[in-house]
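*Asks:* Dumping the structure here so I can ask a few things about it.
The values are calculated or read from the model by the stated rules, or taken from the named source; none is laboratory data. On a predicted model such as this, the values are computed, not experimentally measured, just so you know. Here the Cβ positions follow ideal geometry from the backbone for every residue, glycine too, while neighbour counts run over all protein chains shown.
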Amino acid sequence: EAGVAQSPRYKIIEKRQSVAFWCNPISGHATLYWYQQILGQGPKLLIQFQNNGVVDDSQLPKDRFSAERLKGVDSTLKIQPAKLEDSAVYLCASSWTRGPRAGKLFFGSGTQLSVL
Amino acid sequence: RKEVEQDPGPFNVPEGATVAFNCTYSNSASQSFFWYRQDCRKEPKLLMSVYSSGNEDGRFTAQLNRASQYISLLIRDSKLSDSATYLCVERGNYGQNFVFGPGTRLSVLP
């Protein structure tokens, strides 16, 4: 099966600029996640969608981060304005919602963001 | 308080050695547990799920101790290709998100 697609692969911006990341999950995966992974740390959930509804966005810094999944398929994550501490890899993942395969996360290659 | 804790390492071991990682979790309601592997500059990939009865996949053995709230991963006969970061993951109730530990870095030396 085709994997999770993410773009861009790398992005370099200056602080206070805005940036957007795009993710296309594996076909049929109703659940989509955005994770932030700072160097040397494990991935931290930013937001979880099921279809086009938000399941968990408790750790999303809503004053500057936003995400949407309007048609329940692909998703965009935006940062506006960016801060230096936003430098990280942004990972999109998807999974089946039910059944024996629901426990497996499939990750995209990630977007490495550098904020200067 | 961190929800999932791991010894960050690095663990430097010679080829052929046996190495064990432990992980503790704070959410007593956690239902599912996993080990993911992450190579340098790559995305995490599922290594194995962890079942209450313990499970084995080739050289890898995972165990869960619910009473003490810890998970372990044992790697026997280490290979150079096992060098990676191993992430401990727990999931609460059905449909909740996956919570990752900080990872333990393993370097297998020739």
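*Asks:* Return the residue satisfying two criteria in turn: it lies in segment A:82-104 and is basic (Lys, Arg) and within 24 Å of B:Gln38 (Cβ to Cβ), and of such residues it is modelled with the lowest pLDDT.
*Replies:* First, pick out the residues of segment A:82-104 that are basic (Lys, Arg): A:83, A:98, A:101, A:104.
Pick out the ones that are also within 24 Å of B:Gln38 (Cβ to Cβ) and you get A:101, A:104.
Numbers: A:Arg101: 70, A:Lys104: 86.
The residue in question is A:Arg101.
*Asks:* Can I ask one more? Run B:Ser83 past the list (1) closer than 30 Å to A:Phe49 by Cα; (2) away from chain A (no Cβ under 12 Å); (3) polar (S, T, N, Q) and report the number of the one that doesn't hold.
*Replies:* The failed condition is (1).
*Asks:* Right, another one. Somewhere in segment A:80-96, is a residue assigned to a loop (DSSP other than H, G, I, E, B), facing chain B (nearest Cβ under 9 Å) and among the aliphatic types (A, V, I, L, M)?
*Replies:* No, segment A:80-96 contains no residue that is assigned to a loop (DSSP other than H, G, I, E, B), facing chain B (nearest Cβ under 9 Å) and among the aliphatic types (A, V, I, L, M).
*Asks:* Give segment B:24-67 a look and list any residue that's over 30 Å from A:Ala5 (Cα atoms), touching a residue at least 60 places away in the same chain (Cβ under 8 Å) and surrounded by fewer than 15 Cβ atoms within 10 Å (Cβ to Cβ), or say none.
*Replies:* To start, the set of residues in segment B:24-67 that are over 30 Å from A:Ala5 (Cα atoms) comprises B:24-29, B:51-56, B:58-59, B:61-67.
Cutting the leftovers down to touching a residue at least 60 places away in the same chain (Cβ under 8 Å) gives us B:25, B:27, B:29.
If the condition is that a residue be over 30 Å from A:Ala5 (Cα atoms), touching a residue at least 60 places away in the same chain (Cβ under 8 Å) and surrounded by fewer than 15 Cβ atoms within 10 Å (Cβ to Cβ), then B:Ala29 is the only one that fits.
For every residue, the table says whether it meets (1) touching a Lys or Arg at 6+ places or on another chain (Cβ under 8 Å); (2) away from chain A (no Cβ under 13 Å); (3) modelled with pLDDT under 95.
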| position | (1), (2), (3) |
| --- | --- |
| B:Glu56 | no, yes, yes |
| B:Asn65 | no, yes, yes |
| B:Asn97 | yes, no, yes |
| B:Val108 | yes, yes, no |
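*Asks:* Considering each residue of segment B:90-110, count those that are within 25 Å of A:Ile47 (Cα to Cα), among the polar types (S, T, N, Q) and loosely packed, with under 15 Cβ neighbours inside 10 Å, and give that number.
*Replies:* Start the filter on segment B:90-110 by keeping residues that are within 25 Å of A:Ile47 (Cα to Cα), which leaves B:90-104.
Filter again for among the polar types (S, T, N, Q), leaving B:93, B:96-97, B:104.
Filter once more, so that each one left must be loosely packed, with under 15 Cβ neighbours inside 10 Å: B:93.
Count: 1.
*Asks:* Continuing with the same structure: If we keep just the residues of segment A:61-91 that are without any contact (Cβ under 8 Å) to a residue 24 or more places away in the chain and hydrophobic (A, V, I, L, M, F, W, C), which is surrounded by the most Cβ atoms within 10 Å (Cβ to Cβ)?
*Replies:* A:Phe65
*Asks:* Taking segment A:103-116, which residues are touching a residue at least 12 places away in the same chain (Cβ under 8 Å) and at the interface with another protein chain (Cβ under 8 Å from one of its Cβ atoms)?
*Replies:* Passing the criteria: A:Leu105, A:Phe107, A:Gly108, A:Ser109, A:Gly110.
*Asks:* Related question: When the residues of segment B:73-89 are filtered to those that are surrounded by 14 or more Cβ atoms within 10 Å (Cβ to Cβ) and touching a Gly at 6+ places or on another chain (Cβ under 8 Å), which remaining residue is farthest from B:Asn27 (Cα to Cα)? So that I can check it myself, show each step before the final result.
*Replies:* Taking segment B:73-89 and keeping what is surrounded by 14 or more Cβ atoms within 10 Å (Cβ to Cβ), we get B:73-76, B:78, B:82-89.
Adding the requirement that they be touching a Gly at 6+ places or on another chain (Cβ under 8 Å) leaves B:78, B:85-89.
Numbers: B:Ser78: 31, B:Thr85: 23, B:Tyr86: 20, B:Leu87: 17, B:Cys88: 14, B:Val89: 12 Å.
By that ranking, first place goes to B:Ser78.
*Asks:* May I ask you to list the residues in segment A:1-59 that are within 12 Å of chain B (Cβ to nearest Cβ), aromatic (Phe, Trp, Tyr) and surrounded by 14 or more Cβ atoms within 10 Å (Cβ to Cβ)?
*Replies:* Across segment A:1-59, the qualifying residues are A:Tyr33, A:Trp34, A:Tyr35, A:Phe49.
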